[in-house]
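In what follows, a single structure is set out as structure tokens and then discussed.
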Amino acid sequence: MKELKQLLSKECSYQLRDEIMDQFISSMEEITLHQGDILIADGSLDTNIYIVKEGIMAHTYLSGAKDCCWGFSLPGTMMYSLHPYYFNKPAFYQVIACCDSVVMKQSKERFDNLIAESHEFARWVLSMAQCQLFFFEKKNSVISGDARERFISLAKNRPEIFQKVPMKIIASYLGITQQYLSNLKKEYKRMIYG
């Protein structure tokens, strides 16, 4: 529990008191996923709240017949599917485990009750949402430019993605082919190691 609390404390600027954080975490269920397991299926009505404890999750969607990756959730990230959670509509994004992962799960009902019972918890949830919007904007400002620039930025800012995420998903995220990604990785290694 201590490790998860530390991860969550790094995710937003508002710090939740230990007793409330303990109440939140202790009411969650731990789920173990293997690489390729689907946590939230597109089209599902999954309203649960999840926090990545270990591993990396990819958020994907179908564009025609092509799987596209728009982002990743790393340890400490809180995630949920907005369509089902807010409007009881089928999920648009699919969330899959990029590697063996552990996530914590809490029901929408329990999460909403904690928000209603604790003003402090509600402030923390708002701060988490604001931080996620900040990181979404930061990602768009950092992972920009042509394919080579996006690759270098990702390699510098999130090297763990290259260690744990399949090439197919990284290539989709960068909007390039797997072959071009392989070439960029070789070129990057030559730049770094000579």
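At 222 nm, what helix-only mean residue ellipticity would the chain give, in deg cm²/dmol to the nearest 500, using -39500 (n - 2.57) for each DSSP H run of four or more? Numbers along the way, then the final one.
On the way: 9 runs with 100 residues, N = 194.
Computed ellipticity for the chain at 222 nm equals -15500 deg cm²/dmol.
Counting Lys and Arg as +1 and Asp and Glu as -1, each charge on the Cβ, what is the dipole of segment 1-105 about the Cα centre in debye, to the nearest 20? Walk me through the intermediate numbers first.
Working: 8 positive and 13 negative charges, 56 e Å.
Around 280 debye, computed over segment 1-105.
Skip the ligands, DNA and RNA, and give the accessible area per residue of segment 1-125 with a 1.4 Å probe, whole Å². Intermediate values should be presented prior to the final figure.
Values: 6350 Å² over 125 residues.
So segment 1-125 comes to 51 Å² accessible per residue, rounded to a whole number.
Could you calculate the FRET efficiency of Q23 with S182 from 1/(1 + (r/R0)^6), where r is the beta carbon distance between them and R0 is 35 Å, rounded to 0.05? Walk me through the intermediate numbers first.
Details: r = 47 Å, r/R0 = 1.35.
My answer for the efficiency is 0.15.
What does the C-alpha gyration tensor say about the overall shape of segment 8-75? Classify as rounded when a/c is under 1.5, otherwise prolate if a/b is larger than b/c, or oblate. Please list the in-between numbers first.
Details: a/c = 2.40, a/b = 1.98, b/c = 1.21.
Note, shape of segment 8-75 comes out prolate.
Write down, largest first, the equivalent ellipsoid semi-axes of segment 18-163 in whole Å, where each equals the square root of 5 times an eigenvalue of the alpha-carbon gyration tensor. Intermediate values should be presented prior to the final figure.
Working: eigenvalues 143, 66, 49 Å².
Equivalent-ellipsoid dimensions as semi-axes: 27, 18, 16 Å.
Could I get the Rg over Rh figure for segment 77-194? Both from C-alpha atoms, Rh via Kirkwood, rounded to two places. Intermediate values should be presented prior to the final figure.
On the way: Rg = 18.3 Å, Rh = 17.1 Å.
When Rh is taken as the Kirkwood radius, the ratio is 1.07.
Sorting K138, K168 by accessible area (1.4 Å probe), largest first, what list results? Walk me through the numbers on the way to the answer.
Numbers: K138 95, K168 130 Å².
Putting K138, K168 in descending order of accessible area: K168, K138.
Ranked by accessible surface with a 1.4 Å probe, highest first, in what order do Y188, Y61, Y193 come? Don't skip to the end; give the middle numbers.
Working: Y188 45, Y61 70, Y193 180 Å².
Accessible-area ranking of Y188, Y61, Y193, largest first: Y193, Y61, Y188.
If you take the square roots of the eigenvalues of the alpha-carbon gyration tensor of segment 21-60 and sort them as a ≥ b ≥ c, do you get rounded (a/c under 1.5), prolate (a/b over b/c) or oblate?
Details: a/c = 2.45, a/b = 1.48, b/c = 1.66.
Taking the square roots of the gyration eigenvalues as a ≥ b ≥ c, segment 21-60 is oblate.
Quick one: divide the alpha-carbon radius of gyration of segment 31-107 by 2.2 N^0.38 Å and tell me what you get. Intermediate values should be presented prior to the final figure.
Numbers: Rg = 11.6 Å, N = 77, 2.2 N^0.38 = 11.5 Å.
Its radius of gyration relative to the 2.2 N^0.38 Å reference: 1.01.
Quick one: pull the percent of accessible area on the chain belonging to carbon and sulfur, 1.4 Å probe, ligands and nucleic acids left out.
Answer for the chain is 52 percent, counting heavy atoms of protein chains only.
Give, in nm to one decimal, the length gained when the segment between M1 and Y86 is fully stretched (0.36 nm per residue of separation minus the Cα-Cα distance).
Working: separation 85, 0.36 × 85 = 30.60 nm, distance 2.84 nm.
Taking 0.36 nm per residue and subtracting the Cα distance, the gain is 27.8 nm.
Under 8 Å for C-alpha pairs, at least 6 residues apart: give me the relative contact order for the chain, rounded to a whole percent. Walk me through the numbers before you get to the answer.
Values: 294 pairs, mean separation 46.1, N = 194.
Dividing the mean separation by the residue count of the chain yields 24 percent.
Put +1 on the Cβ of every Lys and Arg and -1 on every Asp and Glu Cβ in the chain; which of G145, L33, F121 then has its Cα farthest towards the positive end of the dipole?
It is G145.
How many percent of all Cα-Cα pairs in segment 68-135 sit more than 15 Å apart? Don't jump to the answer; show the numbers that get you there.
Numbers: 1464 of 2278 pairs.
Summing the P(r) tail past 15 Å for segment 68-135 gives 64 percent.
Largest first, how would H34, H59 line up by accessible area (1.4 Å probe)?
Details: H34 105, H59 20 Å².
Accessible-area ranking of H34, H59, largest first: H34, H59.
For segment 33-119, what's the relative contact order in percent, using C-alpha pairs closer than 8 Å and at least 6 residues apart? Write down the numbers at each step before the final one.
On the way: 192 pairs, mean separation 38.2, N = 87.
RCO, segment 33-119: 44 percent.
Any chance you could check the Cα centroid distance between segment 126-172 and segment 17-83 for me, in angstrom?
Comparing the Cα centres of segment 126-172 and segment 17-83, I get a distance of 17 Å.
Please give the solvent-accessible surface of R110 in Å², to the nearest 10, using a probe radius of 1.4 Å with every protein chain present.
Rounded to the nearest 10, the figure is 70 Å².
In nm, what is the difference between 0.36 nm times the number of residues separating A65 and A129 and their Cα-Cα distance?
On the way: separation 64, 0.36 × 64 = 23.04 nm, distance 3.12 nm.
Computed gain between A65 and A129 is 19.9 nm.
Hey, which lysines would be in cross-link range of K66, C-alpha to C-alpha under 24 Å, not counting anything within fewer than 8 residues on its own chain?
Reachable lysines: K89, K139, K164, K168, K185.
Straight-line reach from K138: which aspartates and glutamates have Cα under 19 Å away, leaving out those fewer than 8 places along the same chain?
E11, D146, E149, E160
The values are calculated or read from the model by the stated rules, or taken from the named source; none is laboratory data. Everything numeric here is computed off the predicted structure, so don't read it as measured data. Note that we place each Cβ from the backbone using ideal geometry, even for glycine, and neighbour counts take in every protein chain shown. Please note that ligands, DNA and RNA were not included when accessible areas were found on the heavy atoms of the full protein model with its side chains. Shrake-Rupley method; radii C 1.70, N 1.55, O 1.52, S 1.80 Å.
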